[in-house]
Each structure stands twice: as structure tokens, then as C-alpha cells.
Amino acid sequence: MIELHAILAATANGCIGKDNALPWPPLKGDLARFKKLTMGKVVIMGRKTYESLPVKLEGRTCIVMTRQALELPGVRDANGAIFVNNVSDAMRFAQEESVGDVAYVIGGAEIFKRLALMITQIELTFVKRLYEGDTYVDLAEMVKD
């Protein structure tokens, strides 16, 4: 069974986004770490997160969870991203597409919440300055006993 790891950057109050983007300027070290950890892996995200990406995530298989109606689970877009409507399909495609034993959950807040009980590790970049946002995660809720 594939393991899920969350990877995110957040402030102390759990801010992860504003207006479908990061509320802080690019954090060079964070972006390099994100690329290093996720390269060659499956990444699971919500539709809004997928649409907010400035470029296609080369070298990774993207699974996009959406509420939009799909004719069949696993429909691929022109970039090769796989679209699904539920957790079980996301996990099935993650298992099928994975070349390793880890897939990364990369956001947004609703996806972190829906997959929280399945996440076994969190890769967190702590943003020291507080930023205002419109998207927050409960970091304590993501940590299991």
C-alpha cells in the first residue's frame, strides 16, 4: 500500500494561501525541497491547487481531486494529470501510477482535510512571518497521536 506524505508551507496560524496563490514571495529553499522530494512521485491535489500552478509539474504524476462531474474516473487532461472525484479513486490511481512507496499530498486545505487520516508524515516549511490569507489548515489536526 502506498504511503501518503503531506508537503506544505504554512504560517504559525496555518495560513497556506490567498487568492489561489501563496501569500508570501517565493521561498527558494522551499521550492527546491519540494522539487527534490516530489520528483518522480505521484502528487495529489485539489482542482484549485492544480489550476494555480504556474507551470506543469514535470517528472511527477498529478492526481487532481475535483467535485466536477467526470464521465469516468481517471480522465487525463492534455498535461497528463489524472482527474478523480473521490478518495478511493485517488488512492487507486496513486497506487497504480506510483514508482515508489510514497505519494505526496500538496493541497489545498480541503484535500489535506479529506486525506488527513491517511497521511503518515508531514513535510512542513514553517513560514516565520504571519501573512493574511483566505486558506488555512489546522496543523494540529494533521498531526496524529
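Every read-out reported here was derived from the displayed coordinates using simple, explicitly stated rules and does not represent laboratory data. This one's a predicted model, so the numbers in the text were calculated from it and none came from an experiment. For neighbour counting, all protein chains shown are included, and Cβ atoms are generated from backbone atoms with ideal geometry for every residue, glycine included.
Going residue by residue through the stretch 63-74, is there one that turns out to be closer than 21 Å to L22 by Cα and loosely packed, with under 14 Cβ neighbours inside 10 Å? Among the residues of the stretch 63-74, not one is closer than 21 Å to L22 by Cα and loosely packed, with under 14 Cβ neighbours inside 10 Å, which makes the answer no. Of all residues in the stretch 7-32, those that are assigned to a helix (DSSP H, G or I) and over 23 Å from E141 (Cβ atoms) total 4. Residues of the stretch 112-145 that are of a type in the set (S, T, Y) and assigned to a strand (DSSP E or B): T120, T125, T135, Y136.
The set of residues in the stretch 7-44 being in contact with a Leu (Cβ under 7 Å, 6 or more places away or on another chain) and exposed (fewer than 15 other Cβ atoms within 10 Å of the Cβ) consists of A12, N13. Of the residues in the stretch 35-57, at least one is small (G, A, S) and in contact with a helix residue (DSSP H, G or I) (Cβ under 6 Å, 6 or more places away or on another chain). Checking each residue of the stretch 82-103 against the condition of being within 14 Å of the chain's Cα centre (by Cα) and within 23 Å of E132 (Cβ to Cβ) gives no match.
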